[in-house]
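What follows is a single structure, written as structure tokens, with notes after it.
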Amino acid sequence: MSRKWFSVLALIAAATFFLSLSSCGFNQHLTSISIAPTGATFGAVDTSLFVNFTASGTYAHPPETKDITTLVTWVSDTPQVATVTSGGVVSPSLGCGTANVYATYYDSPNQITSNSAFITVDGPASLGCPQSGALSNLSVTITTGTGTVTSAPAGITCGTVCAAQFTTGTTVELTAAPVSPSTSVAWTNCDSSTGTVCTVLLQADRVVSAAFN
């Protein structure tokens, strides 16, 4: 083989090698997310308390692990108990209970989700948390119109049973069903409400009103 052809083949091989490196660099993909710590416990409902969480991303092509705390989307599955900022700072919210915090990131075409961290908000009643096993009463009053209200967890089926006890700290979801001629409902004394659904974080005895229109 002539030196000319040897040089051409060498140049082709070198170009192929460097192109493959370039392609590998441009196609780096996130394969997993790990958040730390794996949980946190707060001794009171106090929004000034906080724990900093971090997210580490593991990549392939080429392999690498790096801090992606500010790149991920942080989620709390029970924001009434614990909130999390875009920077991974977790704090107690409105009441006692438990929540799971996790991080997600969309790396086309995959949605990557991290492990979850278990958050507990608990403590003495004097600091805003009920003692373990305490019960609170939730009552529903239908003030106008006609319709029914049911609860999740089960217990309330109003107009038959319009009050029930639930473990203090439970989030109770009330769902209204207007009965003709009523077509809609207006809620009073919910923590939040959307349409026919009223959500209550039961920290003490509570009375909720439903006005069917």
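If I ask for residues that are part of a loop (DSSP other than H, G, I, E, B) and either crowded, with 16+ Cβ neighbours inside 10 Å or in contact with a His (Cβ under 7 Å, 6 or more places away or on another chain) (or both), which ones from segment 194-213 would you list?
Quick first cut of segment 194-213, residues part of a loop (DSSP other than H, G, I, E, B) only: 195-196, 202-205, 213.
T196, L202, Q203 - these are the residues of segment 194-213 that are part of a loop (DSSP other than H, G, I, E, B) and either crowded, with 16+ Cβ neighbours inside 10 Å or in contact with a His (Cβ under 7 Å, 6 or more places away or on another chain) (or both).
Could you pull out the residue among S209, S192, S136 that is under 26 Å from the mean Cα position of the chain (by Cα) and either in the same structural domain as V72 (by TED's automatic domain parsing) or touching a residue at least 24 places away in the same chain (Cβ under 8 Å) (or both)?
Details: S209 fails: under 26 Å from the mean Cα position of the chain (by Cα); S192 fails: either in the same structural domain as V72 (by TED's automatic domain parsing) or touching a residue at least 24 places away in the same chain (Cβ under 8 Å) (or both).
Result of the check over S209, S192, S136: S136.
Applying the selection to segment 70-91, what residues are closer than 15 Å to T171 by Cα and not β-branched (V, I, T)? Even if it seems obvious, please write down each step before you answer.
Start the filter on segment 70-91 by keeping residues that are closer than 15 Å to T171 by Cα, which leaves 76-82.
Result: S76, D77, P79, Q80, A82.
Restricting segment 41-93 to residues that are of a type in the set (F, W, Y) and assigned to a strand (DSSP E or B), which is farthest from A117 (Cα to Cα)?
Top of the filtered list is Y59.
Of the numbered conditions (1) over 24 Å from C129 (Cα atoms); (2) hydrophobic (A, V, I, L, M, F, W, C); (3) in contact (Cβ under 8 Å) with a residue 12 or more places away in the chain, A163 satisfies every one except a single condition; which is it?
Unmet condition: (1).
The values are calculated or read from the model by the stated rules, or taken from the named source; none is laboratory data. Just so it is clear, the structure is predicted and the values come from calculations on it, not from any experiment. Neighbour counts run over all protein chains shown; Cβ positions are idealised from the backbone, glycine included.
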